[in-house]
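Visitor: After the structure tokens below, expect a handful of questions from me.
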Amino acid sequence: MTPRPSLRAPVATLFLLSALLVLGGWFRVSHLGEKLLWHDEIATVHMAAGYSISEWKAALYTGEVLDVADVTRFQRLDRGRSVLDAVQELARHDPQHPPTYYLLAASWVRLVGEGIGRLRMLSVLASLLGLFAMYGLCWELSMSRRVAWTGTAALAVSPFFVLYAQEAREYSLWATVILASNAALLAAIRRTEASPGKIPAASWAGYGLLTVLSLYTSFSSAAVILGQVLFIILRERGRPNRVSLSAAGTLAISALGFLPWALNLARNYETFAVSMRWSKEIVIPTSSLLRILALNLSRPFIDFWADLETAPAWVGVLGAVALGVWAVAALVREAPTERVLLILCVLILPTAIHLVPDLLFGGIRSLSTRYLTPSLLMLLVAVAWLLGAPQRRPRVAAGLAAAVFAVMVASCWHNARQESVWTKGVSYSLPEVARIINASDRPLLVGGIEIHSPGNLLALSARLDPGTKMQFLRIEDERAYVLADHDGDIFLLGPNVLLRQRLEEREHVRFELLVEDLFLQLWKAHPAGEPADR
């Protein structure tokens, strides 16, 4: 008599996966409204509220001393403005950001109300939809529920994707569309080959719609589409058959669907070029570039460090990179070649498009982890195969999965308790800046218009106490600026070297550095004759 199979392993596995999904949902909503509102998100807040860049700049950059309430009013919804105002603002002043997410954000705040926590819920929901898309992609790759559920659980507690699920930006939506697009492509190919007599038009139409949606969500989708094109060429060996012709026709129609925004980008190319100038002009050593790349590739699995400065950080990052390499090798060795090619193309091409120019010509295109989102998603798919493929010994797979998921959950727990994390970039130190200013007596904060100052000043205003004064200076204001006659502490948010030098020379103002990081400085002004400990 054949013994009945034990139910312990399936029940234990189901419990673990369910717990990971619940944890992933909790991490996404944990302290959602308390996390730092930063430079990039403030643009989303203003746009969703209906205000244009030119409008708030004209109102704030007057050189007058303003109350903080005059600044934060641009973060409150103006119901007299339509959702289309946000799209028109993007088209004119921020064409590098296609409109899908911002159209949704503007509609969302009109539906659920204002507030950064409520606005970020849109990204949380997009991220949760991504779990279904991950399941679909892993299923199309493996035809295995175990692999599909493992991939879904990995995305649920991936620290990188949890962090971006809490950002009022387009990246969670983009990740979801990337997964859905690749799953739809594999499904369309599978159904085409399963029905020799006809083309499954609905499947190809679904892939085409997702392709258009991905382009209207992020221009970086072009790298994903190039990876998919390369996959089709390699899979079909350049032969014009039903699969390759269907894909070509679908992509051609998708390109026509994106043509209106592409033409808008061409009309406003100078604005786009200025906004992306930083990625080409900043040059760092190749060793630093590769070190940061390794750190970025580890982020989906382990995230306790902003940089590689300690031995534990090196061990953790190199271990995560080794896990990724092992997973990709197992995927190549064991998964069906005609499907794994897609994963490899979408993994390699987006990273190469950013990294190779940096190595050859200089720049930091590859340092922005969010632009590597397609590659990081495919790394998660590879790890799902490594942990969930039927070729693995059950005990070995269970032990490895427990270790990997434990580190991922611990990383999410660590980040959940942080007010500001590495994703906040140029605004990382704003909580500390706000605490210093709020502890001061009748403070006045002065800032300029250079580099990241406008976004940081606006983001900082949301953390300043009522009654705080702010002064926004244009370049022409700075040349003849005289320190305000203010009965309280005066702070300068920089960098603004020339302004400080002029005040030191003309008025003998002494500046005390209070906060400094790679992107900002907070100085306290001491007018001539005033003691430093005022």
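What follows is calculated from the coordinates using simple rules that are stated; it is not laboratory data. Here the structure is a predicted model, which means the values were calculated and not measured. No Cβ is skipped: glycine too gets one built from the backbone with ideal geometry, and neighbour counts run over all protein chains shown.
Visitor: Can you tell me the dipole magnitude for the chain around its Cα centre, using point charges on the Cβ only (Lys, Arg +1; Asp, Glu -1), in Debye to the nearest 20?
Guide: Here the size comes out at about 2980 debye.
Visitor: Rg to Rh for the range 1-155: what is it, with Cα atoms only and Rh by Kirkwood?
Guide: Value, to two decimals: 1.19.
Visitor: Quick one: length gained pulling Asp307 to His486 fully straight, 0.36 nm per residue minus the C-alpha distance?
Guide: Length difference between fully extended and current span is 60.4 nm.
Visitor: Going by average Cβ density within 10 Å per residue, which order do the peptides 223-232, 153-162 take, highest to lowest?
Guide: My ranking of the peptides, most packed first, is 153-162, 223-232.
Visitor: Here's something else I'd like to know. Mind jotting down a quarter of the surface of the convex hull over the alpha carbons of the range 346-392, in square nanometres, one decimal?
Guide: Computed as one quarter of the Cα hull surface, the answer is 3.7 nm².
Visitor: Which of the peptides 173-179, 81-87, 468-474 is most tightly packed, and how do the rest follow, going by the mean number of other Cβ atoms within 10 Å of each residue?
Guide: Values: 173-179: 27.0, 81-87: 16.9, 468-474: 21.9.
The peptides rank, most packed first, as 173-179, 468-474, 81-87.
Visitor: For the range 439-534, with the dipole built from +1 on Lys and Arg beta-carbon atoms and -1 on Asp and Glu ones, taken about the Cα centre, which of Gly488, Gly455, Pro527 lies farthest toward the positive end?
Guide: Of the listed residues, the answer is Gly455.
Visitor: Tell me, what does the Kirkwood hydrodynamic radius of the range 55-135 come to in angstroms if you use every pair of distinct C-alpha atoms? If you can, show how the numbers build up before the last one.
Guide: On the way: mean 1/r = 0.0676 Å⁻¹.
With all distinct Cα pairs of the range 55-135 included, I get 14.8 Å.
Visitor: Express in % the proportion of alpha carbon pairs of the chain at distances exceeding 30 Å.
Guide: Values: 77029 of 142311 pairs.
The share of Cα pairs beyond 30 Å in the chain comes to 54 percent.
Visitor: Something else: Using just the helices of the chain, give the 222 nm mean residue ellipticity in deg cm²/dmol: DSSP H runs with n ≥ 4 each add -39,500 (n - 2.57), and the total is spread over all residues, rounded to 500.
Guide: So the calculated ellipticity at 222 nm is -21000 deg cm²/dmol.
Visitor: Based on the Cβ-Cβ distance of Glu505 and His93, what FRET efficiency does E = 1/(1 + (r/R0)^6) give at R0 = 35 Å, to the nearest 0.05?
Guide: Working from the Cβ atoms, E equals 0.45.
Visitor: In addition: What's the local net charge at Val112, with K and R +1, D and E -1, over the other residues with C-beta under 12 Å away?
Guide: Once all neighbours under 12 Å are counted, the net charge is +2.
Visitor: Using the Cβ atoms and a cut-off under 14 Å, what net charge is assigned to the surroundings of Arg500, where Lys and Arg are +1 and Asp and Glu are -1?
Guide: Taking every Cβ under 14 Å from that of Arg500, the sum is -2.
Visitor: OK, next. Can you order the peptides 205-216, 355-366 by their average number of other Cβ atoms within 10 Å per residue, highest first?
Guide: Per-residue Cβ counts within 10 Å, averaged per peptide and sorted highest first, yield 205-216, 355-366.
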